[in-house]
Every structure is written in structure tokens, then in C-alpha cells.
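J.: My structure is below; once you've seen it, I'll send some questions.
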Amino acid sequence: LNEILSISKRRYFLSKQIPVLCQLDDDSILTEKVLGCTFSHRAAALFKRRRKWSLRQREISAVRITSQVPHAQDLRNVRDAVMAYLVSLGVDVGVSLAYGVPINFPREAPSHRSVEQYTVDSSDARVSLRGEFGCRATDIIPANTVIGIYTGHCFFNDEMFAMIERMIAPTDGVSRLKAERDVESGIQEFTRFNRQSKRFDGPAAGKGELLMVSSFGDDQGVCGRINDALVDVYDSNELVDDGYNVMCVEAELQGWPFLFVCTTRDVRAGSDLRMDYTGYYWERIGEMKRRLDFVQL
């Protein structure tokens, strides 16, 4: 009896400390933020279905790293870093599972206390970034530390134009292309989730749709301000001194993907945070730039 009472007290305590944003026993659609991310209607419906499905899959871990992690970044270290970051937000996955409580995530996902947004200096070797926003460390940040979540709006690729109309309402062709460029530049795709979702027995993205997140319009998160280390993203493979020092790690939390930004080595105070956005990303942005340049001639 004492053990049952202690479990009941623990459940009550957790229910009061951790906001319940997704009730799994009704048909309401999630519309609030989860870990700094908002959702389109379709993404919100999938979020709920994925969580329900995940709870029924005993072989699926509550926190599962799905990205391919470089050899230097041991998978266990990365998972420990993600778990430590969640605990810092008040989300104790171990305690929740031990007492049979569904994991409930808070609305916001604050970045690491030693990270700040700044304006790139006029002496930076990356000429195209001068005067733009960047992200840097204000103190030493050890390797294998999660600095935050890539936050923003989660949606499917075929919803992008409707999102642009709603958020920006472009008035002509040029403003529309500029809006597309701005939204596209902040997009990160949930690559592993999109590749693997069809293998699950549960709901998948399906029908060739791609789930993604855009940091456009997100004033709270700083991870979307992290730049590449390429000196010239369109014409060179040369990297600035020290190269990359953070990477994007895709992890599923109860079946739903989030992108965690994790340090790959110790980062010195004052150092710019730099992440590899990949050639595919810059090809896509470069194509949009060429289209915009053409219509503005």
C-alpha cells in the first residue's frame, strides 16, 4: 500500500511540475508549442499519433538517437548529452518511465546558458555573413554538450506555400521569391525520420511528404542563427580557422523527431558556433538566389 501511495504521489507531483501539452486519451489536436516548436495542423495530428504509437512499441526507446553519429562522437555520449539537456528543462525521462508516467514536454526549450546571438563582425572571412546574425559561446562549452534544439515551425513540404501566405502575405512575384528564400534558408529536414518512417508499423509521413522545421520567424531559439564554416558557401570548399564545432543530431522523443545541436569538441569562450549545412542545402539556396537575381534584373 505504501508503494502504491508513493507512486500516486510521484505521478501527481510530475503532473504539476511538467506541463501536459498533449492529452493522449482524447481526440483534441495539439496546437501549443512543444520544446520550442509549433506545428501545422497535419504535423500536430501526426505528433499525437506518433506518441500513442510509440507508447505501444516496447522495442522503441523513449529517447532514440536516429542520426548517424561520427566515430569521434560516441553514440552513448550523444544520448547522454540529450538526456542531460532534457533533465535541465525539468524532463526526467528515467523517472517518468519508472513510474509509468507519459513523458510531457514543456513549451519552451531554452538554449545553453553560455550561448548568445550576435552580429557577425565586418572582419569575418565569410564576407556574405558580415552584418548578419550568428551564434557564439560566452564561456567554455565542453564537447558532447547539447546547446539547444533547432526550434521553429514543423510542417510538411507541400504546406510551405500556404505557410508563406499566412505568415508573410507577399504582394508580388519578387516578394514571394524573397519570402520563399527566407523560409527555405531556415529549413532543416528530419532526414532520418522521413527515410525510416515507412518502415514503422505505426503512422508514417507517407505519400512522398517530407517533415521539416523552419526557424523563420522564431525569435526565441538561437540554434537557427548558427552559420556554416565555409568561407564562400557557393564557390569554395575552404573553411574558416577551426572549422566546424557543432552538429545537428536527430533524435526521436516518444516517436517524434527533434533536432538537437551538440558540440563536437570543446568550444572556447567567444568562438563562433559553426555547423555543416551540407552541399545539398547550399545548392537549394543557391538556386533560389539565382531565380531571385533573374527576376530582379
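The values are calculated or read from the model by the stated rules, or taken from the named source; none is laboratory data. Keep in mind it's a predicted model, so treat the numbers as computed, not measured. What goes into the accessible areas is simple: the full protein's heavy atoms, side chains included, and nothing from ligands, DNA or RNA. Shrake-Rupley method; radii C 1.70, N 1.55, O 1.52, S 1.80 Å.
J.: Between Trp282 and Asp80, what is 0.36 nm times their sequence separation minus the Cα-Cα distance? Round to one decimal in nm.
T.: Additional length available on full extension: 69.6 nm.
J.: Across 10 Å bins from 0, what is the distribution of all Cα-Cα pair distances for the stretch 35-81, in whole percents?
T.: Pairs per bin, as whole percents: 20, 35, 36, 8.
J.: Would you rank His41, His112 by solvent-accessible area, highest first, keeping every protein chain in place and using a 1.4 Å probe?
T.: Details: His41 130, His112 40 Å².
Order by accessible area, largest first: His41, His112.
J.: Given 0.36 nm per residue, what is the gain on full extension from His41 to Asp219 after removing their alpha carbon distance, in nm?
T.: Length difference between fully extended and current span is 61.9 nm.
J.: Beyond 22 Å, what share of the Cα-Cα pairs of the stretch 32-146 is found? Please give it as a whole percent.
T.: Of all Cα-Cα pairs in the stretch 32-146, 53 percent lie more than 22 Å apart.
J.: Express in nm, to one decimal, how much length is gained between Gln57 and Thr138 on full extension, taking 0.36 nm for each residue of separation and deducting their alpha carbon distance.
T.: So the extension gain works out to 25.0 nm.
J.: Plugging the Kirkwood radius over Cα pairs into Stokes-Einstein for the stretch 147-297, at a temperature of 4 °C and a viscosity of 1.567 mPa s, what D comes out in µm²/s? Intermediate values should be presented prior to the final figure.
T.: Numbers: Rh = 17.0 Å.
Reported coefficient: 76 µm²/s.
J.: Got a sec? What order do Val78, Val233 fall in by accessible area at 1.4 Å, biggest, i.e. largest, first?
T.: The most accessible residue leads, giving Val233, Val78.
J.: Moving on to the next point. Quick one: how many Å² of Glu252 are accessible to a 1.4 Å probe, rounded to 10?
T.: That residue has around 0 Å² of solvent-accessible surface.
J.: Evaluate Rg over Rh across the stretch 211-297, taking Cα atoms for both radii and Kirkwood's formula for Rh. The partial results should precede the final answer.
T.: Numbers: Rg = 15.3 Å, Rh = 15.1 Å.
For the stretch 211-297, the value is 1.01.
J.: Give the accessible area for Thr191 in Å² (nearest 10); use a 1.4 Å probe, count only protein heavy atoms, and leave out ligands, DNA and RNA.
T.: Rounded to the nearest 10, the figure is 50 Å².
J.: In addition: Under 1.5 on a/c is rounded, so check that first for the stretch 90-189, then, if it is not, pick prolate when a/b is larger than b/c and oblate when it is not; a ≥ b ≥ c are the square roots of the alpha carbon gyration tensor eigenvalues.
T.: Oblate, since a/c reaches 1.5 and b/c is not below a/b.
J.: Give the ranking of Phe260, Phe294 by solvent-accessible surface, highest area first, calculated with a 1.4 Å probe.
T.: Phe294, Phe260
J.: With every protein chain in place, what's the accessible area of Ile168 (1.4 Å probe, Å², nearest 10)?
T.: Roughly 60 Å² of Ile168 is accessible to a 1.4 Å probe.
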